[in-house]
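See structure below.
The values are calculated or read from the model by the stated rules, or taken from the named source; none is laboratory data. Note that the coordinates shown come from a computational prediction; the quantities given were computed from them, not determined experimentally. Cβ coordinates were reconstructed from backbone atoms using ideal geometry, including for glycine residues, and neighbour counts include every protein chain displayed. For accessibility, only protein heavy atoms count, side chains too; no ligands or nucleic acids. Shrake-Rupley method; radii C 1.70, N 1.55, O 1.52, S 1.80 Å.
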Amino acid sequence: MGTTASQLSKESLSEYQELTFLTKQEILLAHKRFTELLEKHEKEQIDARVPIGRIITLPELKSNPFKERICQVFSTSEQKDGSLTFEDFLDLLSAFSDSATLEIKSHYAFRIFDFDDDGTLDCADLEKLVNCLTGETNDAKLSSTEMKQLISNILEESDIDKDGTVNLSEFQHVISRSPDFVR
Amino acid sequence: MSEIIVVDPISAGRNRGAIISQYCNKTLKLRRRRQTRPSIRDFSPSSRPSIRSYGMEGDTTDAEVSKRERLVNNLQNLPVSDRVRMLRGMPLSVAEKKEIRHVARSHRFFLMQKEKRILSNKKLSCCSQLKYYIIIVSYPFWYSWLSFLHSLQPWQTLLKRVSGRFGTGVLSYFLFLKTLVFFNVFLFLVTGAFLVLPQAVHPPYRDTTSFSGLELLTGAGSFSHTVMYYGYYANYTLPRRSRDEGGGQNASTLTSDSQQFSYNMPLAYFFTIGMAFFITCIILVYSMSKTFGRSFRINKSNSILTMKTFSCWDFKVIKKKSVQIMSENIGTQLKELLAELTQKHTKSTFCKRFCRLMVHGVAWTICIASTTGCMAGVYYFSEFIHKVRLDGLSSPAKLLSLPTVVSVINLLLPALFNLVGWMETYESPSVFAYVAIGRNLMLKMSMLGVLCFHWLGRVCWEDFVGQELYRFLLMDFIFTLLDTLFGELLWRLFSEKVLKRKRKPVFDIARNVLDLIYGQTLAWLGVLFSPVLPVVQILKLFLVFYIKMSSVMLNCQAPRKPYRASQMTTIFITLLCIPSLLGASVCVTYTMWSITPSTSCGPFRTLDTMFKAGKHWMEILEKDNPSLSVLSKAHTYFVENPFFLFVGAGIFLIVIYFHSQVVDGQRKIISLLQDQIQNEGEDKKFLINRLQSVHKQKQDAGKRLKSQVSHLYNHQHF
């Protein structure tokens with residue numbers, strides 16, 4: 001019951017609408033954008049996969065420093081290569097939509113920030129996160145002392161069980177207290 | 001021998017089994033909550049909360065299948081809306097959710113078939129059959145109606161472009177504008193349906209003044225004898241029985257001998273305005289409490305750094321240059337925060353603090369003095385203009401002079417406040433933003449207060465006030481146009497060509513939002529005197545939207561200062577509610593309650609106050625149906641009795657006190673729970689260490705035994 005040649009069946013449309021936070025219009029628009037990314041021969045396949053190289057050419061993701069992580073997190077491929085099917089794409093859009101719950105957003109944010117995929121945010125993950133945030137230009141990057149201080153502050157504030165890493169519950173606890181987590 | 005790894009259910013960030021079991025528990029709790037209260041006996045008396053609610057769960061793979069079955073079982077027993085909500089909220093991929101949903105549905109279908117077979121033996125009443133059919137048929141319609149509503153959202157693409165380049169801060173300004181448009185549309189629908197339409201269908205007299213273009217500017221002239229203003233409205237019931245073509249002064253309500261539809265105009269006028277304000281107030285208070293609830297934090301902790309790191313990235317921004325600017329901003333902010341934290345410990349000396357206080361005092365004195373000076377100036381000028389008008393020398397220029405003066409003051413004085421603010425030093429930029437907003441607000445409210453005071457008590461003053469407010473709205477719009485033109489377009493050209501700087505001007509969000517709130521206050525003040533004013537306001541807001549949008553895209557750049565979008569939205573909605581709507585309601589209520597309406601125009605011509613229209617109607621109703629007298633007695637006894645108001649206010653205060661105590665208690669519980677989690681973490685580490693050391697001991701003992709045995713064996717052989 002995946003995507004047939006180039007049309008979405010009515011049944012799958014209403015099913016997707018029930019399972020995600022997107023409206024029917026948004027799902028149809030997503031389908032249009034997704035099929036634009038497919039090559040000619042892939043358009044006939046059901047459940048075609050688009051490799052990560054083509055996904056990150058989308059204008060919404062092009063300048064985003066987290067684009068590779070986003071593709072990795074939402075991908076359901078066996079080889080863990082970051083390729084997305086249409087349903088993965090819908091998952092992505094649903095998590096970033098305005099009507100998604102805080103829990104969904106924080107869950108996926110945690111996975112995106114967890115660069116080594118071990119289920120917790122440790123010092124290396126936090127360092128990579130801050131470097132992504134501040135960009136590549138040298139004058140905005142934090143020096144190593146500032147980085148150490150920042151990481152120790154973050155761990156002090158959010159690590160409740162004092163095990164040196166931030167796990168999902170602690171992350172969600174910090175996020176729930178921050179009203180600006182709107183994206 | 002491998003080490004024992006204990007999987008902690010709390011730290012399994014992406015383990016699917018953990019997610020499924022977590023949602024299993026959630027659905028169970030939801031089911032229980034819907035049906036009965038969970039009894040305390042269900043929980044085993046354990047001192048460790050984590051074990052109590054999770055049960056002993058190991059995350060092995062074959063347990064996942066049984067867990068999924070349990071989840072499906074729980075899901076299908078929930079009502080449909082809850083089920084959909086649960087499924088949506090699960091952080092699993094769409095493919096997995098589809099599977100779960102399919103299984104749940106087929107189970108439910110099977111159960112329903114079973115139920116149907118059982119029930120078809122007892123004759124299913126046609127009511128519940130009908131209910132089933134309605135539910136089955138209406139779902140697709142409900143979904144398509146929802147998507148249609150969503151597609152009606154105006155300006156979607158434009159807003160996306162703005163947020164893509166400038167981020168959530170500038171977007172919040174345009175969203176605020178959209179909210180104001182909706183409020184005005186609602187107001188217009190109400191007044192249009194109940195006031196303008198009936199009166200337009202039954203015009204009381206014909207007017208012969210011709211239309212010249214100046215009416216659009218001044219609002220007077222041929223406009224003053226149309227539905228636009230208060231004076232046109234009849235003070236009798238429509239349609240009129242006795243034809244009296246001179247603009248009659250008939251005060252009787254001719255309900256008794258009208259066979260067709262009769263419409264009591266004064267009553268309609270009074271109730272429509274009252275209801276419109278009341279409903280707007282309720283909507284505004286509700287949205288204010290919602291946004292306040294979102295931004296209120298129970299625990300005023302100092303985890304600013306963490307929150308900044310985790311939540312500052314604005315995923316709506318997609319243009320490369322903007323993304324670069326945002327990264328630079330974040331880097332600078334983090335550095336500033338770190339520097340602040342290290343410097344917090346240096347205490348400023350007494351002398352420094354005293355100097356700072358002096359500077360603040362001087363700044364505030366300047367602001368208050370300039371505001372008072374402007375208030376006095378506006379008052380005397382308006383008296384002067386009024387005398388000139390009474391002498392009959394009113395030309396459009398003279399009519400527009402007062403609004404122009406007020407708009408110029410509104411434009412120049414905030415610039416003065418900004419200058420004054422530069423010489424002060426504040427602890428943080430957000431405090432500076434709040435102080436600036438406070439000063440601007442004080443200026444605008446005092447301007448409006450002086451004008452309100454000046455307008456009351458003239459001949460057919462309601463018409464005059466309506467016209468003045470129309471002129472004020474118009475001037476406000478013209479000055480917004482000029483400000484956009486000069487402030488943004490010309491400044492950009494000037495800085496590019498003359499100063500040769502690359503920097504474009506920054507869009508000042510707070511000032512623009514305050515301008516919007518000021519315009520809306522004028523509209524609310526004026527709706528009593530000019531029921532068509534919401535239309536003018538809607539047109540003005542539409543034009544402002546497109547002008548500001550194009551100006552922002554062409555001339556401005558993304559703001560450099562950090563912008564706390566949700567907190568600012570709360571503040572804007574609060575400002576819209578408390579000074580703006582409340583002030584307008586107080587003025588309108590005061591006018592309705594105690595001011596004598598003018599005797600020559602309008603629907604309340606012969607009454608002492610507008611409020612008497614309502615009372616008059618109640619008396620007539622009472623005469624006709626004596627059983628309704630209990631209502632009026634209740635009204636006299638409760639609403640007009642000060643004792644009851646005291647008691648009501650006392651109860652209200654008690655409820656507030658109670659709630660604040662609950663919040664305090666919850667704060668204490670949060671800190672206790674945090675300590676508990678910390679202790680459990682330490683317990684866990686201790687237990688793991690012990691387990692490992694015991695395991696190692698066993699291993700060592702085993703090794704020693706083996707070596708001893710082999711040693712013995714070797715010995716035996718020799």
**Item:** Search result, residues across region B:85-106 that are within 7 Å of chain A (Cβ to nearest Cβ) and in a helix (DSSP H, G or I)
**Value:** B:87, B:88, B:89, B:94, B:95, B:97, B:98, B:101
**Asked** Of (1) buried (at least 21 other Cβ atoms within 10 Å of the Cβ); (2) within 25 Å of residue B:276 (Cα to Cα), residue B:488 satisfies all except one. Which?
**Response** (2)
**Message:** If I filter region B:408-418 for residues that are free of Cβ contacts under 8 Å to residues at least 40 places away in the same chain, open to solvent by less than 70 Å² (accessible area, probe 1.4 Å) and not in a helix (DSSP H, G or I), do I get at least one hit?
**Reply:** no
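Just name the residue that is surrounded by the fewest Cβ atoms within 10 Å (Cβ to Cβ) out of those in region A:63-122 that are basic (Lys, Arg) and either touching a residue at least 60 places away in the same chain (Cβ under 8 Å) or in contact with a Leu (Cβ under 8 Å, 6 or more places away or on another chain) (or both). Before you say what the answer is, go through the steps one by one.
Let us first name the residues in region A:63-122 that are basic (Lys, Arg), namely A:67, A:69, A:80, A:105, A:111.
Next, only the ones that are either touching a residue at least 60 places away in the same chain (Cβ under 8 Å) or in contact with a Leu (Cβ under 8 Å, 6 or more places away or on another chain) (or both) stay: A:67, A:105.
Details: A:67: 18, A:105: 21.
Ranking the qualifying residues of region A:63-122, first place goes to A:67.
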**Request:** Return the pairs, sorted by first residue and then second, in which the second residue is in a helix (DSSP H, G or I) and open to solvent by less than 90 Å² (accessible area, probe 1.4 Å), the first residue lies in region B:351-362 and is without any contact (Cβ under 8 Å) to a residue 12 or more places away in the chain and more than 16 Å from residue B:431 (Cα to Cα), the beta carbons are less than 9 Å apart, and the residues are 6+ apart or on different chains.
**Result:** B:362/B:420
**Asked** Inside region B:360-400, can you point out the residues that are within 21 Å of residue B:216 (Cα to Cα) and within 36 Å of the chain's Cα centre (by Cα)?
**Response** B:400
**Prompt:** Looking only at region B:604-622, which residues are surrounded by 19 or more Cβ atoms within 10 Å (Cβ to Cβ) and part of a helix (DSSP H, G or I)?
**Reply:** B:613
**Prompt:** Would you pick out the residues in region A:49-63 that are more than 9 Å from chain B (Cβ to nearest Cβ), assigned to a helix (DSSP H, G or I) and more than 14 Å from the chain's Cα centre (by Cα)?
**Reply:** A:53, A:54
**Asked** So which residues in region A:33-48 are at pLDDT 80 or above and either under 23 Å from residue B:97 (Cβ atoms) or within 14 Å of chain B (Cβ to nearest Cβ) (or both), if there are any at all?
**Response** A:33, A:34, A:35
**Message:** Condition check: within 14 Å of the chain's Cα centre (by Cα) and more than 9 Å from every other protein chain (Cβ to nearest Cβ). Does residue A:129 satisfy that?
**Reply:** no
**Enumeration of residues in region A:132-154 that are more than 9 Å from chain B (Cβ to nearest Cβ) and touching a residue at least 24 places away in the same chain (Cβ under 8 Å)** = A:151
**Asked** Picking from B:651, B:656, B:669, B:688, which residue would you name as being closer than 30 Å to residue A:169 by Cβ and without any contact (Cβ under 8 Å) to a residue 24 or more places away in the chain?
**Response** B:669
**Prompt:** How many residues are under 9 Å from the mean Cα position of the chain (by Cα) and in a loop (DSSP other than H, G, I, E, B) if we restrict to region A:64-96?
**Reply:** 1
**Item:** Scope region B:685-702; condition exposed (fewer than 11 other Cβ atoms within 10 Å of the Cβ), within 55 Å of the chain's Cα centre (by Cα) and hydrophobic (A, V, I, L, M, F, W, C); matching residues
**Value:** B:686
**Request:** Determine whether residue B:517 is of a type in the set (Val, Ile, Thr), open to solvent by 20 Å² or more (accessible area, probe 1.4 Å), part of a helix (DSSP H, G or I) and under 25 Å from residue B:184 (Cβ atoms).
**Result:** no
**Prompt:** Name the pairs: first residue in region B:603-630 and closer than 12 Å to residue B:271 by Cβ, second residue assigned to a loop (DSSP other than H, G, I, E, B) and of a type in the set (S, T, N, Q), Cβ to Cβ under 8 Å, at least 6 apart or on different chains?
**Reply:** B:603/B:235
**Prompt:** Across region B:677-715, what is the number of residues that are basic (Lys, Arg) and within 14 Å of chain A (Cβ to nearest Cβ)?
**Reply:** 2
**Message:** Taking the conditions exactly as written (closer than 21 Å to residue A:47 by Cα and at the interface with another protein chain (Cβ under 9 Å from one of its Cβ atoms)), does residue A:78 satisfy them or not?
**Reply:** no
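Picking from B:677, B:669, B:620, B:654, which residue would you name as being modelled with pLDDT of 75 or more and under 25 Å from residue B:593 (Cα atoms)? I'd like the intermediate steps shown before the answer.
On the way: B:677 fails: under 25 Å from residue B:593 (Cα atoms); B:669 fails: under 25 Å from residue B:593 (Cα atoms); B:654 fails: under 25 Å from residue B:593 (Cα atoms).
Step by step, each of B:677, B:669, B:620, B:654 is checked, and only B:620 is modelled with pLDDT of 75 or more and under 25 Å from residue B:593 (Cα atoms).
Return yes or no: is residue B:307 modelled with pLDDT of 80 or more, within 24 Å of the chain's Cα centre (by Cα) and not polar (S, T, N, Q)?
Values: modelled with pLDDT of 80 or more: no; within 24 Å of the chain's Cα centre (by Cα): yes; not polar (S, T, N, Q): yes.
Against the criterion (modelled with pLDDT of 80 or more, within 24 Å of the chain's Cα centre (by Cα) and not polar (S, T, N, Q)), residue B:307 does not qualify.
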**Item:** Neighbours by Cβ (under 6 Å, 6+ apart or cross-chain): first from region B:524-542, farther than 25 Å from residue B:155 by Cβ; second not in a helix (DSSP H, G or I)
**Value:** B:530/B:228; B:530/B:229
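Of all the residues that make up region A:23-32, how many are among the aliphatic types (A, V, I, L, M) and surrounded by fewer than 20 Cβ atoms within 10 Å (Cβ to Cβ)?
Initial filter on region A:23-32 (among the aliphatic types (A, V, I, L, M)): A:27-30.
Remaining after also requiring surrounded by fewer than 20 Cβ atoms within 10 Å (Cβ to Cβ): A:28-29.
The qualifying residues number 2.
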**Fill in**
Residue set B:687, B:673; condition out of contact with any helix residue (DSSP H, G or I) (no Cβ under 8 Å at 6 or more places or on another chain), in a helix (DSSP H, G or I) and over 23 Å from residue A:156 (Cα atoms); output residue B:687
